[in-house]
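Notes follow once the structure below has been shown.
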């Protein structure tokens, strides 16, 4: 029960990170939303935020690569 809930929250966190990466790529907005507001003076928290956003970038890259190599999607631009 606890493992299932933890897995669900982890999946949601990765999905949200990928959403932020997609938003960054499609709009040009930087999603690194003033890390000092989140991290304060802590370099440790700042590193965790960078890692979290990096996971979203990686998931986005992998998703685009898989979709691009499948026959289900077609690049229009």
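Of all residue pairs spaced 6 or more apart or on separate chains, those with beta-carbon atoms under 8 Å, a first member in the range 59-77 that is modelled with pLDDT of 85 or more and a second member that is part of a loop (DSSP other than H, G, I, E, B) and exposed (fewer than 10 other Cβ atoms within 10 Å of the Cβ) are 68/75. For first residues located in the range 3-20 and in contact (Cβ under 8 Å) with a residue 12 or more places away in the chain and at negative phi, partners that are surrounded by 10 or more Cβ atoms within 10 Å (Cβ to Cβ) and not in a helix (DSSP H, G or I) and lie 6+ apart or on another chain with Cβ distances below 9 Å form the pairs 20/31; 20/33. Determine, yes or no, whether residue 18 is touching a helix residue (DSSP H, G or I) at 6+ places or on another chain (Cβ under 8 Å), farther than 21 Å from residue 65 by Cβ, outside any loop (DSSP other than H, G, I, E, B) and at pLDDT 90 or above. So residue 18 fails the test.
The values are calculated or read from the model by the stated rules, or taken from the named source; none is laboratory data. Note that the structure is a prediction, hence the values are computed from the model and not measured. Positions of Cβ are backbone-derived with ideal geometry, glycine not excepted, and every protein chain shown enters the neighbour counts.
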